[in-house]
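Inspection log for the structure reproduced underneath, given as structure tokens.
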Ligand SMILES: [Zn+2]
């Protein structure tokens with residue numbers, strides 16, 4: 001690991017910053033124990049500390065997990081993610097739309113606990129998720145050549161006016177304006193030179209909506225202009241400047257990977273894949289097929305690869321942490337060589353595949 005990053009890692013340990021729990025781990029040479037950054041135990045001297053991005057790396061060096069901060073225990077966020085994924089499948093597979101009470105019963109939780117869980121993991125309520133899934137199914141059926149009426153019933157809506165109501169709520173715009181490339185949306189953007197080439201970041205007030213990497217700044221801006229041709233594009237920053245700074249610093253190895261909020265349009269499936277990718281620890285990788293399996297859809301390997309390839313927010317959704325089973329890196333929208341460099345930056349052994 002580069003020295004440059006150790007300053008910021010040590011800083012997190014010195015402040016017992018629990019925000020970095022799950023981001024990295026540290027071992028203490030004098031005690032042979034390893035901890036999470038937020039551990040309440042007595043603080044070690046800096047010269048006795050070694051850093052790693054996964055518990056396995058420290059265990060392999062002979063360190064034992066601390067009994068107070070339990071760095072080897074499963075992250076509770078992972079368990080929550082598992083529950084959410086199971087509930088999403090139940091919602092998708094139900095013959096009739098499930099009520100919040102139905103979902104709560106499946107989860108053996110209260111309605112408010114289920115709602116909180118969904119909001120934290122997916123940013124929507126169970127009803128919002130069910131609606132967006134139904135809209136997706138509706139679009140698929142339409143694309144398959146069915147008429148509006150057939151599509152309406154096939155996707156579980158009682159009447160076509162309900163389709164418009166739901167589509168409106170979940171897309172934040174009407175089905176007609178959906179095709180109008182961000183009309184009425186305010187999107188700020190900035191382009192910066194980084195250690196890995198040009199970086200374009202675009203954001204609304206709610207989150208990052210595009211992150212692009214490339215060798216030519218003008219091309220990146222051009223691409224953004226095409227994708228958001230009807231949006232109100234501006235250089236006005238809001239939270240954009242802070243988010244961009246974190247990404248630039250991360251690319252030069254100065255800070256750990258920042259988990260930035262993102263605000264993008266996506267199908268329910270894309271959102272599930274992307275949320276899952278954000279939980280792959282820094283320094284680790286997974287195969288496309290493992291991701292499909294972990295999502296409970298073992299036959300969806302190609303759909304997972306497609307969700308990675310259509311990721312509009314490079315780095316924020318770390319699709320570079322997914323690699324094929326065979327040799328090489330498969331595709332990376334922002335350049336294979338950049339994928340290798342990103343994995344190198346994160347200390348992944350797969351950078352040399
Ligand atoms: Zn500890």
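Taking the inverse of the average 1/r across all pairs of different Cα atoms in segment 186-251, what Kirkwood radius in Å do you get? Evaluated on segment 186-251, it is 11.7 Å. Ordering 96, 320, 133, 287 by the number of other Cβ atoms within 10 Å of each residue's own Cβ, fewest first, gives 96, 287, 133, 320.
Maximal additional length on extending the residue 325-residue 90 stretch stands at 81.7 nm, based on 0.36 nm per residue less the C-alpha distance.
Working from label points 7 Å from Cα in the Cα-to-Cβ sense, the residue 193 to residue 41 distance is 4.6 nm.
In this label model, residue 48 and residue 227 are separated by 4.8 nm, measuring between points 7 Å along each Cα→Cβ vector.
When DSSP beta bridges are limited to those with both residues in segment 186-251, what percentage is antiparallel, rounded to the nearest 5?
Working: 13 of 16 bridges.
Within segment 186-251, antiparallel bridges account for around 80 percent of the total.
Neighbour counts of other Cβ atoms within 10 Å put 251, 58 in the fewest-to-most order 251, 58.
Which FRET efficiency value, to the nearest 0.05, is calculated for residue 265 and residue 344 with the Förster distance at 25 angstrom and r the Cβ-Cβ distance? With R0 = 25 Å, the Cβ-Cβ based efficiency is 0.20. Modelled spin-label separation between residue 61 and residue 241, with each label point placed 7 Å from Cα along the Cα-to-Cβ direction: 3.9 nm. A Förster radius of 35 Å, combined with the Cβ-Cβ distance separating residue 102 from residue 15, puts the computed FRET efficiency at roughly 0.20. Across segment 197-353, the relative contact order, built from alpha-carbon pairs under 8 Å that are at least six residues apart, equals 23 percent.
Ranking of 290, 205 by neighbouring Cβ atoms within 10 Å, starting from the fewest: 205, 290.
No lab work stands behind these numbers, since they all come straight from the coordinates. Keep in mind the model is a prediction, meaning the values are calculated, not measured. For neighbour counting, all protein chains shown are included, and Cβ atoms are generated from backbone atoms with ideal geometry for every residue, glycine included.
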